[in-house]
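Engineer: Structure in structure tokens, see below.
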Amino acid sequence: MKRREQRVLRADSLNALSRQSGIPLSTLKTRVRTLMARGIARERAIEIALSRPVGPQGRPRSHGR
């Protein structure tokens, strides 16, 4: 059986940046895409997207009824 070679992550790829910052890749891609649609350059859009914290996921729960 052949062993698959491990892929080496490029330091500037969105995948590597999302892993380093702890942001899901899909969230980072969406943020970058929306910023680029506003006319912001890709590199600047990545900086802005990484600087924003990730909010809580899902529907907010009501603690008292």
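Engineer: Consider only pairs whose beta carbons are under 6 Å apart and that are at least six residues apart or on different chains; among these, list those whose first residue lies in region 47-61 and is without any contact (Cβ under 8 Å) to a residue 40 or more places away in the chain and whose second residue is surrounded by 10 or more Cβ atoms within 10 Å (Cβ to Cβ).
Structural biologist: ILE48/LEU35; ALA49/LEU28; ALA49/ARG31; ALA49/VAL32; LEU50/SER21; VAL54/ILE23
Engineer: Further question on the same structure: Can you give me the number of residues within region 42-65 that are of a type outside the set (D, E, K, R) and either touching a Leu at 6+ places or on another chain (Cβ under 6 Å) or modelled with pLDDT of 85 or more (or both)?
Structural biologist: Residues in region 42-65 being of a type outside the set (D, E, K, R) and either touching a Leu at 6+ places or on another chain (Cβ under 6 Å) or modelled with pLDDT of 85 or more (or both): 6 in total.
Engineer: Can you find even one residue in region 6-18 that is among the charged types (D, E, K, R), surrounded by 12 or more Cβ atoms within 10 Å (Cβ to Cβ) and modelled with pLDDT of 75 or more?
Structural biologist: Checking region 6-18: not a single residue is among the charged types (D, E, K, R), surrounded by 12 or more Cβ atoms within 10 Å (Cβ to Cβ) and modelled with pLDDT of 75 or more.
Engineer: For region 19-65, give me the residue count where each residue is part of a helix (DSSP H, G or I) and open to solvent by 100 Å² or more (accessible area, probe 1.4 Å).
Structural biologist: Selection size over region 19-65: 7.
The values are calculated or read from the model by the stated rules, or taken from the named source; none is laboratory data. None of the values given here were measured: they were computed from a predicted structure. Don't worry about glycine lacking a Cβ; one is built from the backbone with ideal geometry, like all the others, and counts go over all protein chains shown. The accessibility values were calculated without ligands, DNA or RNA, using every heavy atom of the protein model including side chains. Shrake-Rupley method; radii C 1.70, N 1.55, O 1.52, S 1.80 Å.
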